[in-house]
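The values are calculated or read from the model by the stated rules, or taken from the named source; none is laboratory data. Only a predicted model underlies this, so the values are computations on that prediction, with no experimental measurement involved. Heads up, the Cβs are rebuilt from the backbone with ideal geometry, glycines too, and the neighbour counts pull from every protein chain shown.
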Amino acid sequence: MNVKCKNCLPKEGIEVPELSPSEKKKLLELTLQSPIYSVKYLVDIYGLSHLEAKYIVAHVNRTYGLCNRCNFDKLDKEYMVCPKCGSLNFNWEC
Ligand SMILES: [Zn+2]
Ligand SMILES: [Zn+2]
């Protein structure tokens, strides 16, 4: 699946691998510990480039529904552009 964020490079977006609910949970846990761990995990397990992995991790919401860039807290879709600030959110419910 291709995702784009108007605030981030590359402008054409990146390709996100299919992630199972347990993988999302794992990535969220790693991100909460340290984003470096989840970047490494994505590179090692999914063979993503460092740039792609960082792009994904930068957009993962630490709190479900809460935008990773502003204080908007009513995000209700998994991959959603925030209606307030326009930032892409990986709003995983896990
Ligand atoms: Zn972004
Ligand atoms: Zn926002």
*Which numbered condition trips up residue 65, out of (1) within 16 Å of ligand 1 (Cβ to nearest atom); (2) at positive phi?*
(1)
*Spot the failing condition for residue 17; the list is (1) at pLDDT 95 or above; (2) on the phi < 0 side of the Ramachandran plot; (3) more than 10 Å from the chain's Cα centre (by Cα), and only one is missed.*
(1)
*What is the one condition in (1) within 15 Å of ligand 1 (Cβ to nearest atom); (2) at pLDDT below 95 that residue 51 does not satisfy?*
(2)
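Could you tell me how many of the residues in the range 70-92 are under 12 Å from the mean Cα position of the chain (by Cα) and not polar (S, T, N, Q)? Even if it seems obvious, please write down each step before you answer.
So in the range 70-92, the residues under 12 Å from the mean Cα position of the chain (by Cα) come out as 78-81, 87-92.
Those still in the list that are not polar (S, T, N, Q) too: 78-81, 88, 90, 92.
Counting residues in the range 70-92 that are under 12 Å from the mean Cα position of the chain (by Cα) and not polar (S, T, N, Q) gives 7.
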